[in-house]
Every structure is written in C-alpha cells, then in structure tokens.
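Asks: Below is one structure. I have some questions about it.
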There are 2 protein chains.
Amino acid sequence: MEVKVACITQTSEEKIKEAAKAIFLKKGYAGTTARDIAEAANMNIALTNYYFRSKEKLFLEIFKDLFNYYCQNTLRIFQKPIGIREKLIELIEEDFRVMKAEPNLVLFLMKEIQRDPEQLPPELSKFKELLHGTLTSQIKEEVKNGRMRDIGADHLIPLIMGSLQFIFVGKNMNMKLYNTTEDEFNDFAECHKNLIISMITEYLFTPTTAS
Amino acid sequence: MEVKVACITQTSEEKIKEAAKAIFLKKGYAGTTARDIAEAANMNIALTNYYFRSKEKLFLEIFKDLFNYYCQNTLRIFQKPIGIREKLIELIEEDFRVMKAEPNLVLFLMKEIQRDPEQLPPELSKFKELLHGTLTSQIKEEVKNGRMRDIGADHLIPLIMGSLQFIFVGKNMNMKLYNTTEDEFNDFAECHKNLIISMITEYLFTPTTAS
DNA sequence: AGTATTTTTAAACAATTGTTTAAACCATTT
DNA sequence: AAATGGTTTAAACAATTGTTTAAAAATACT
C-alpha cells in the first residue's frame, strides 16, 4: 500500500523539486515564477502547491538542501585527521568540484542570504564552531612549531574560498567577455585552482630548508 | 526659463534615480517593484515612467552607472605609470574603498550579469584590453628581470579581486553568523585587506636578497 | 466489480505587477 | 488675467503573480 503510493508521489514531487531547484539556482527566488517551475517540470501549476504548500515553502526546502550540499563536504574535510596542508588542498579540490558541478551555487546562496539573512540554517553554526575549534587549534600548533605562517582561520578560509569561487561567480561575465566555450572555461578554472593551491601552500608553509 | 525648470526636473528625476539605485542594489531587478521605488523616493508611481520610460530603462541606466563606477578607478590604476607592485597594492586599496562604500555592489553586478549577460556594457572590453595589454606586458617584463613570479594577469586579477570581495559578497552571512556590528565587520575587512596585500606582495615578488 | 483515496486537471481567485490615462497643479509667458 | 508649458496626481488599465477550487482521472483497496 504505502510503497507504491509513496513511489509515485515522490516521482511527481521530485520532478517539481528538481525543476524548481534548477530554476531557483539560475533566476533566484524573486525571479522565479510558479508557472516557470510547473512548465519546466511538465506539470500542472496547482501541483506545486499541492505537494509543497507554497512557493516559499518549496524554496526554503531547496535552499536548505543546496546549503547543506555546499557545506557538507567542507565540514567533513574540516574534521579529517590529516595535516593542515593536505586539509587545505583537499578543501580547494573539493570546493572546485562542487563549483564545477554547480557553478551558480555560490552566487545563488549569497544572493538569497542577502535577501533574507534570517533563513540561515543552523548548519552554519557548526561551520563556525569547526572554524574556531578544530581548524584554529590545528593552525596554532603548526604555527607554534614554525612550520606555518601565522594566519587566522577566519581569514584563511574566505581567502581561499573567495579566490576560487570568484571566477565561478563571474562565470557568465567571463564567458561573455572572452567568448569562451564551457570546456575552455573549465580549463581556465582548473588552471586557476592549481595556481591557488600553489600560492596558498608556498606562501603559508615555510620550506624547512632555509633559515 | 530653462534653468529653473531644468533644475526642478532634475531634482525629481534624480530623487527617483537615487532611490531606485539603493533598492536595485539591495533587492536586484526582479526583487524590486516600481512601487518600492516610488515609495522610497516619496513620489507618485506614475513619475517613474514619466521620467524614465519603463522600469527596465531605469534599471539599465542605473546598472550602467554602477558598472562604470566599479570599473572606472580600476581602469585608471591599470594605466598608471607606476611599478607593478605599487599598482597591485593600489588596486586592492581602491577596490577595498569601493566595497566599503557600497558592499552590495559586486553581488548586485554579478547577479544581474548572470540574469542577462547581454547587457554587459562596452566598458568591459576596455578592461579586457588593458588586462591583456598594459598589465600583461608589465608583468612579463618584471618576470623576465626575475623580480616577479610568473603569473597571468587573467589569473592574478580575479585572484586578488575574489579574495578581497568575497567577504563583502558574504557580508550579510558573516554579520549574521558572528553577530557583529557594522564597525566590527569593517575592522575585520580592513584586516583581511592588509593580509591580502601581504600575501600577494610576499608571494609574487621574490626578495632580491636570497638566490 | 465497486468503493475509497490519492493525484491531476482546467478554471478561477484575489492580489500585485508594470504601465497608462486624463485631469489637476504650478510656474512662466503673453 | 489668460494661456501655455511642463509637472504631479489619483485612478484605472491589462497582464501576471501566487494560490485555491471543484471536478475529473487515476490508483489502491475490499
């Protein structure tokens, strides 16, 4: 009884949610209409409010999903029992993967958080905790042992994230400006990522040969 | 005759434009209504279309202004007859000033360009030219003389801009997350800016003492 | 098969959107 | 004082917005 019904239900529900996710990501909350979503999902307009109670409820569900998707792997890497150098490199690589898979994600999240900062999910608190807990102490120890330059985690992470994500935030501008294809942009992005890894590691970690 | 009339005209027109600029910056094109603008400007709704022909025309005018405002100083610094090191520092300092004065500017521009990449003004082409002309040749020469690390201008500029602007793009998130005041955020941002200057200069420019 | 429940549909809802109208207003000129 | 011009207003416009309704279709259950 429940199995089949649930399956069919989830199929239509998921169709709408997927279509909504794609459109919200591209156009944002204000720029998306309920009919846009229904049309993209090939479903009747009324179904949007049948499964999700309102446009806002649907949006909040998707926003939360996307926010978690973005944080999930970062938080996991934060807690990994590996050296800070390897951790930072993994963070960059993982972030790059996410950005490549969903280039509009960061711009979407930033815009919607700016629109309504109150909707920030509690997951962000964990981010904050790990930033000031695990990561900060790990950096402090490395600095103490003279293997790393002194830098606050609350500066380091935005610095890394920013320099990497900026080219994705401005992807449309770049592609339009340089008339590049999707593949060419990805090559450029990959090159940029590697450059950031080089810079971060070479700048932060003093080669133990000299001095 | 013309003087007074023109003055009054411009006063009302400018009132609307200023109010529209503030709201567009905060809420974006899709999130802004004509009545929002009229109310903020304390003017009748019809005046928006009386002075500017439509919401879109008004937006395009403001967008162009803001885009130029953002590029203007950057382009000027690009062409300055100073060393590349000083030039980069000036770029960061100037960018920081602009971001501090209008924290929503970059997020606004990025979002609106993503919404409609076709509206990109021709000013961006000049940006591209200078990036691949003046700046690239200046870097190449410095690299040739062994005074600077080899890095493409098309990677260096986004790297600098990104790491600096990211904290402003995520300003609302940061302030909400850390429960900071406007002043505290500005202190954090200033600290971040100085850190970026240190990193960029120390990483890029090899101290001529060693080797 | 027949009933009950869930899902889907077309149509309409009230509210809001950008925009326009036509009259009133006001300063200036005749 | 009358008329002219640009300016401002209240009111309405048609179109679109998110949402709801009530009937139809499809599915599950007895």
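Asks: (1) among the basic types (Lys, Arg); (2) within 18 Å of the chain's Cα centre (by Cα); (3) in the same structural domain as A:Ser125 (by TED's automatic domain parsing): which one isn't true of A:Lys80, the others all being true?
Replies: (2)
Asks: I would also like to ask the following. Identify, by number, the condition in (1) surrounded by fewer than 15 Cβ atoms within 10 Å (Cβ to Cβ); (2) more than 29 Å from B:Glu129 (Cβ to Cβ); (3) at the interface with chain B (Cβ under 10 Å from one of its Cβ atoms) that A:Tyr203 doesn't meet.
Replies: So A:Tyr203 meets the others, but not (1).
Per-residue answers, yes or no, for (1) free of Cβ contacts under 8 Å to residues at least 40 places away in the same chain; (2) closer than 25 Å to B:Pro103 by Cα; (3) out of contact with any strand residue (DSSP E or B) (no Cβ under 8 Å at 6 or more places or on another chain):
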{"residue": "A:Thr48", "(1), (2), (3)": "yes, no, yes"}
{"residue": "A:Leu75", "(1), (2), (3)": "no, no, yes"}
{"residue": "A:Gln119", "(1), (2), (3)": "no, yes, yes"}
{"residue": "A:Lys128", "(1), (2), (3)": "yes, yes, yes"}
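Asks: Let me spell it out: the conditions are (1) within 14 Å of DNA strand C (Cβ to nearest atom); (2) more than 14 Å from chain A (Cβ to nearest Cβ); (3) on the phi > 0 side of the Ramachandran plot; (4) not hydrophobic (A, V, I, L, M, F, W, C), and B:Glu39 meets all of them except one. Which number is the exception?
Replies: (3)
Asks: To continue, here is another question. Take A:Glu112 and tell me if it is charged (D, E, K, R), surrounded by fewer than 19 Cβ atoms within 10 Å (Cβ to Cβ) and over 30 Å from A:Gln138 (Cα atoms).
Replies: The answer is no for A:Glu112.
Asks: What's the number of the only condition in (1) touching a Leu at 6+ places or on another chain (Cβ under 8 Å); (2) within 13 Å of DNA strand D (Cβ to nearest atom); (3) of a type in the set (A, V, I, L, M) that B:Leu66 fails to meet?
Replies: Among (1) touching a Leu at 6+ places or on another chain (Cβ under 8 Å); (2) within 13 Å of DNA strand D (Cβ to nearest atom); (3) of a type in the set (A, V, I, L, M), B:Leu66 violates only (2).
Asks: Which of the residues belonging to the range B:89-127 are of a type in the set (A, V, I, L, M, F, W, C) and away from chain A (no Cβ under 14 Å)?
Replies: If the condition is that a residue be of a type in the set (A, V, I, L, M, F, W, C) and away from chain A (no Cβ under 14 Å), then B:Ile89, B:Leu91, B:Val98, B:Ala101 are the ones that fit.
Asks: When you scan the range A:165-172, do you find a residue that is within 11 Å of chain B (Cβ to nearest Cβ), under 22 Å from B:Phe205 (Cβ atoms) and of a type in the set (Val, Ile, Thr), even just one?
Replies: So far as the range A:165-172 goes, no, none of its residues is within 11 Å of chain B (Cβ to nearest Cβ), under 22 Å from B:Phe205 (Cβ atoms) and of a type in the set (Val, Ile, Thr).
Asks: Could I ask something else about it? Only one of these is surrounded by fewer than 17 Cβ atoms within 10 Å (Cβ to Cβ) and outside the structural domain of A:Lys21 (by TED's automatic domain parsing): A:Glu142, A:Glu129. Name it. Let's see the steps before the verdict.
Replies: Values: A:Glu142 fails: surrounded by fewer than 17 Cβ atoms within 10 Å (Cβ to Cβ).
Result: A:Glu129 is the single residue among A:Glu142, A:Glu129 that is surrounded by fewer than 17 Cβ atoms within 10 Å (Cβ to Cβ) and outside the structural domain of A:Lys21 (by TED's automatic domain parsing).
Asks: Just checking, which of B:Phe52, B:Phe24, B:Phe63 is on the phi < 0 side of the Ramachandran plot and touching a Pro at 6+ places or on another chain (Cβ under 9 Å)?
Replies: Result: B:Phe63 is the single residue among B:Phe52, B:Phe24, B:Phe63 that is on the phi < 0 side of the Ramachandran plot and touching a Pro at 6+ places or on another chain (Cβ under 9 Å).
Asks: Quickly run through the range A:49-61 and pick out the residues that are near DNA strand D (Cβ under 8 Å from one of its atoms) and more than 26 Å from the chain's Cα centre (by Cα).
Replies: Answer for the range A:49-61, where residues must be near DNA strand D (Cβ under 8 Å from one of its atoms) and more than 26 Å from the chain's Cα centre (by Cα): A:Asn49, A:Tyr50, A:Arg53.
Asks: To continue, here is another question. Could you tell me which of the residues B:Lys21, B:Lys26 is within 14 Å of another protein chain (Cβ to nearest Cβ) and more than 16 Å from DNA strand D (Cβ to nearest atom)?
Replies: Among B:Lys21, B:Lys26, only B:Lys26 is within 14 Å of another protein chain (Cβ to nearest Cβ) and more than 16 Å from DNA strand D (Cβ to nearest atom).
Asks: In the range B:40-55, how many are surrounded by 13 or more Cβ atoms within 10 Å (Cβ to Cβ) and part of a helix (DSSP H, G or I)? Walk me through how you get there before you give the answer.
Replies: Going through the range B:40-55, the residues surrounded by 13 or more Cβ atoms within 10 Å (Cβ to Cβ) turn out to be B:40-41, B:43, B:45, B:47-52, B:55.
Narrowing the set further to residues that are part of a helix (DSSP H, G or I) leaves B:40, B:45, B:47-51, B:55.
The qualifying residues number 8.
Asks: Can you name every residue in the range A:148-183 that is part of a loop (DSSP other than H, G, I, E, B) and either free of Cβ contacts under 8 Å to residues at least 60 places away in the same chain or surrounded by fewer than 16 Cβ atoms within 10 Å (Cβ to Cβ) (or both)?
Replies: Within the range A:148-183, A:Arg149, A:Asp150, A:Ile151, A:Gly152, A:Gly170, A:Asn179, A:Thr180, A:Thr181 qualify.
Asks: Something else now. How many residues are within 9 Å of chain B (Cβ to nearest Cβ) and under 20 Å from the mean Cα position of the chain (by Cα) when one looks only at the range A:173-194?
Replies: Residues in the range A:173-194 being within 9 Å of chain B (Cβ to nearest Cβ) and under 20 Å from the mean Cα position of the chain (by Cα): 5 in total.
Asks: Restricting the search to the range B:15-36, which residues are within 9 Å of DNA strand C (Cβ to nearest atom) and touching a residue at least 40 places away in the same chain (Cβ under 8 Å)?
Replies: B:Tyr29, B:Ala30
Asks: Right, something else. Which of the residues spanning the range A:60-88 are surrounded by fewer than 17 Cβ atoms within 10 Å (Cβ to Cβ) and in contact with a Ser or Thr (Cβ under 9 Å, 6 or more places away or on another chain)?
Replies: Within the range A:60-88, A:Gln79, A:Arg85 meet the criteria.
Asks: Checking A:Arg76 against (1) farther than 29 Å from A:Ile196 by Cβ; (2) at pLDDT below 95; (3) away from DNA strand C (no atom under 16 Å from the Cβ), only one condition comes out false. Which one?
Replies: For A:Arg76, the exception is condition (1).
Asks: Look at the range B:128-159 and say how many of its residues are more than 8 Å from every other protein chain (Cβ to nearest Cβ) and either β-branched (Val, Ile, Thr) or farther than 21 Å from A:Phe188 by Cα (or both).
Replies: Qualifying residue count, the range B:128-159: 13.
The values are calculated or read from the model by the stated rules, or taken from the named source; none is laboratory data. Everything quoted here is computed from the prediction, not taken from an experiment. Cβ sites come from the backbone with ideal geometry, for glycine too, and all protein chains shown count toward neighbours.
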